[in-house]
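Chemist: Sharing a structure, written as structure tokens. Questions coming.
Nothing in this text is a laboratory measurement; each read-out follows from the coordinates by a stated rule. None of the values given here were measured: they were computed from a predicted structure. Glycine gets a Cβ as well: all are built from the backbone with ideal geometry, and neighbour counts include every protein chain shown.
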Amino acid sequence: YLIDKGNHRHFMEKEVYEQPEVISHALGHYVDFASHTVKIETGAIDFANVSSLAISACGTAFLAGSVGKYWFERYARLPVEIDVASEFRYREMPLSPSQAALFISQSGETADTLASLRYCKDNGLKIGAVVNATESTIAREADAIFPILAGPEIGVASTKAFTCQLAVLASLAIGAGRARGTLDAADEKELVRHLTEMPRIMSQVLNLIQPQMESLARDLSKCKDVLYIGRGTSYPLAMEGALKLKEISYIHAEGYAAGELKHGPIALIDENMPVIVIAPHDRFFEKTVSNMQEVAARGGRIIFITDGKGAAASKLPTMATIVLPVVDEIISPMIFSLPIQLLAYHTAVFMGTDVDQPRNLAKSVTVE
Ligand code: G6P
């Protein structure tokens, strides 16, 4: 990897556009593109026999883990306890050696994540590290290393590391499902086939949405607050969208579970606060649309990020509808990350912020 911006204005933009390539590289390490099977050396971690999984991480890595929780629980029937590392390390959580623990970190040096790892290690758990930096402290102290192979990420706001973390977690969840007998060979083939289609779909989406993201970003740059909502894996994605926007554009944003809207944030809704609804046409779609209806009824402006089926199914008026290809549920978080990243990126560019080095933030937080 050559560390320059190439034809891009910022590292962040370059890293967004690199995703099809790096995801393909990462997937190549975990799945077989020809036979559509997973090929994971889980080493010390015996997914077939662990009683549950504890996951801990910070920032964007925590949100990747939060998506992973849905996958491990759904595909491997493996209960997952996840928390931000700054809480996890002090919770005095009862743990047992029958559990395994996963730590997700781009840098592999985040102090709280490392402390959580050591807490689990002291309790006799086997440790897996999902890291970009394979020579890092977290990688060194783990029993099994799962590299995300994203290449150097320079922009402080994580983009390609996030989607590579997701690709690795999805592969691990499928592998765990096979090991635990909750997925059969046909399920595995089907899910892995979807994963292998991801790089191509990502390129297609990146080419497709760029102009629309730029024009929407112009509108967003005038807002003071933005709300992101979603259900299922789109819930952590909503939080990731809000995190990206606040990190680099300094616009206040919140990510919420769509079903929680009526328990608070709905009170904020007026014509000045756009609501970004992340809703692929999946099992949750109808429910999310009914939350969207509640927003519309209160004069809220909706930015609807959906797919072809979703766009056809909803007749609600929106400020903008972003239509992505229809994809399987297992890859939608990676595909739906793209508009979320570009929206934050272009908004920050309009605001004139220092996109790659946002104020007060560090790429790697090695102090508590
Ligand atoms: C910092 C970075 C974030 C990152 C988080 C966790 O806050 O600005 O982009 O998600 O740390 O970092 P890690 O290296 O552990 O993934």
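Chemist: If you fit an axis through the alpha-carbon atoms of helix 185-220 and take the longest principal axis of the Cα set of the chain, what angle between them do you get, 0 to 90°, nearest 10?
Modeler: Taking Cα atoms only, the helix is inclined about 30 degrees.
Chemist: Continuing with this model, one more query. Could you work out which residue, out of ALA44, ALA161, ALA258, moves most in a Gaussian network model of the chain, that is, has the largest mean-square fluctuation with Cα springs under 10 Å?
Modeler: ALA44
Chemist: Quick one: order THR353, THR60 by neighbouring beta-carbon count within 10 Å, fewest to most.
Modeler: THR353, THR60
Chemist: Another question, if that's okay. Taking the alpha-carbon set of the chain, what are its Rg and Dmax in Å?
Modeler: So, for the chain, Rg and Dmax equal 19.6, 55 Å respectively.
Chemist: Rounding to the nearest 10 and keeping the result within 0 to 90°, find how far the Cα-based axis of helix 234-249 lies from the longest principal axis of the chain.
Modeler: In the chain, helix 234-249 runs at an angle near 70 degrees to the longest axis.
Chemist: Next question, about the same structure. For the stretch 1-57 and the stretch 77-131, what is the separation of their Cα centres, given in Å?
Modeler: 20 Å
Chemist: Let me ask something else about it. How large, in Å, is the stretch 217-365 by the Kirkwood hydrodynamic radius built from its alpha-carbon pairs?
Modeler: 15.3 Å
Chemist: Could you state the number of Å between the C-alpha centres of the stretch 234-298 and the stretch 342-368?
Modeler: One Cα centre to the other: 22 Å.
Chemist: Just to confirm the number: angle between the C-alpha axis of helix 332-351 and the first principal axis of the chain, 0 to 90 degrees, nearest 10?
Modeler: For 332-351 against the chain, the angle is about 50 degrees.
Chemist: Would you list MET334, MET198 from fewest to most Cβ contacts within 10 Å?
Modeler: MET198, MET334
Chemist: In which sequence would VAL131, VAL327 go, from the one with the fewest C-beta neighbours within 10 Å to the one with the most?
Modeler: With the sparsest Cβ surroundings first, the list reads VAL327, VAL131.
Chemist: Here's another thing I want to ask about it. So which residue, out of ALA111, ALA253, ALA185, gets the largest mean-square fluctuation from a GNM of the chain using Cα contacts under 10 Å as springs?
Modeler: Of the options given, ALA185 has the highest mean-square fluctuation.
Chemist: Residue by residue through the stretch 284-292, what is 3J(HN,Hα) from phi via Karplus (6.51 cos²θ - 1.76 cosθ + 1.60, θ = phi - 60°)? Round to whole Hz and write x for glycine and proline.
Modeler: These are the phi-based 3J(HN,Hα) values: 9, 3, 4, 5, 5, 4, 5, 5, 5 Hz.
Chemist: Using amide H atoms built 1.01 Å from N in the peptide plane, name the residues 5+ places from ILE276, or on other chains, whose amide H lies under 5 Å from its own.
Modeler: LEU227, TYR228, ILE229, ILE303
Chemist: Output the relative contact order of the chain, whole-number percent, from Cα pairs under 8 angstrom with separation of 6+ residues.
Modeler: 19 percent
Chemist: Which residue fluctuates the most in the chain, going by a Gaussian network model with Cα springs under 10 Å, if the choices are MET319, MET239, MET351?
Modeler: MET319
Chemist: Using only helices, what value at 222 nm comes out for the chain when you add -39,500 (n - 2.57) per DSSP H run of length 4 or more and divide by the total residues, to the nearest 500 deg cm²/dmol?
Modeler: Calculated mean residue ellipticity at 222 nm is -15000 deg cm²/dmol.
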